[in-house]
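For reference, the structure discussed in these notes is given below.
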Ligand code: R5P
């Protein structure tokens, strides 16, 4: 579709480039920089009049900066005559603050969704977005929303790398991850999948338990995010206690904060990989195809 203009935010140029190629367009040039006082400056240096503009952004690690950049780009695109503005949020920030866990807290994910509408963003595409308490982004975002999944791509890689076989049990480390285990298993025609149960006590303190029959089974974990690695470490211990053999771990968004990867490796969890929504040293799979399908679906 030649009426699409893809704009890359500054967070994930490689993904933007691959995505633009999949959509058969060149990236629209933009100038993004900071003023001396650290405020953001953006300028679209191309014709987006009458176009369906897609802004690609992975809002991890510097969520506030990338969010602000996306809002400014969206507003600039609308002012320049864009027919529609779609935010392809490969990594959507603040999704885990989806509830008032303690009095006085905001529901941050809803605030972010409102800001997108205010800036003129009509459509939102997310990738395996964290949905625990807010199950449907349509309840917090006014425009069209599509969530695409990289789970089939992650599983495909695991099959080719020999980490997943036809009799492997796909496990989500907590109840929310059952949806990803299901997509992952079904996409590869695997019949065994399920989820463990997690209790969180703090940023890095979690316990994982479960009632799955994993005795003597090969087990592969899928999750949306690996951040500190605590969830995966505790899940792997539980799988071992249940008699399962962990063959690998894949996630959509590999944040691996601080020494997370080292902590995983120290526990013997070395077969870990992720998609390019948050580029990192374990990235093996691209989200570009899933995103391009989502974009064509939303613009159809
Ligand atoms: C939260 O429930 C998510 O689905 C992930 O399980 C979580 O973000 C992983 O965080 P961590 O690696 O810090 O345990």
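Taken together, the values in this text are just the output of simple stated rules run on the coordinates, not laboratory data. Keep in mind that what you see is a predicted model, and the values were worked out from it rather than measured. When we count neighbours, we look across all protein chains shown, and the Cβ atoms used for this are built from the backbone with ideal geometry, even at glycine.
Averaging the sequence gap over all C-alpha pairs within less than 8 Å and six or more residues apart, then dividing by the number of residues, gives the range 53-133 a relative contact order of 36 percent. Footprinting exposure proxy ranking of 48, 148, fewest other C-beta atoms within 10 angstrom first, gives 48, 148. Put in line by how crowded their Cβ is, counting other Cβ atoms within 10 Å and starting with the fewest, 151, 59, 13, 242 read 13, 242, 59, 151. Among 102, 218, 62, 198, sorting on how many other beta-carbon atoms sit within 10 Å of each Cβ, with the fewest leading, yields 102, 62, 218, 198.
As a length-normalised measure over Cα pairs under 8 Å and 6 or more apart, the relative contact order of the chain settles at 15 percent.
Averaged across orientations, what area in nm² does the convex hull of the alpha carbons in the range 48-184 project? Before the final figure, lay out each step's value.
Values: hull surface 40.0 nm².
Mean orientational projected area (the range 48-184, Cα hull): 10.0 nm².
Estimated from the Cβ-Cβ distance and a Förster radius of 30 angstrom, the FRET efficiency linking residue 296 and residue 215 is about 0.10.
Temperature 37 °C, viscosity 0.692 mPa s: under these conditions the Stokes-Einstein estimate for the range 76-140, based on its Kirkwood radius over C-alpha pairs, is 256 µm² per second.
Relative contact order of the range 150-229, please, whole-number percent, based on alpha carbon pairs below 8 angstrom and at least 6 residues apart. Computed over the range 150-229, the figure is 34 percent.
The modelled label-to-label distance between residue 257 and residue 17, using points 7 Å beyond Cα along the C-beta direction, is 3.0 nm. For the chain, find the longest principal axis of its Cα atoms and tell me its angle to the long axis of helix 178-187, 0 to 90°, nearest 10. That helix lies at roughly 90 degrees to the long axis. By the helix-only formula, in which each DSSP H run with n ≥ 4 contributes -39500 (n - 2.57) and the sum is divided by residues, the chain has a 222 nm mean residue ellipticity of -9000 deg cm²/dmol. GNM remark for the chain: springs join alpha carbons under 10 Å apart, and the peak mean-square fluctuation among 169, 201, 61 falls on 201. Which of the three applies to the chain, rounded, prolate or oblate, going by the alpha-carbon gyration tensor with a ≥ b ≥ c and a/c under 1.5 meaning rounded? Here the chain falls in the prolate category. Each DSSP beta bridge with both residues in the chain is either parallel or antiparallel, and the antiparallel ones are about 20%.
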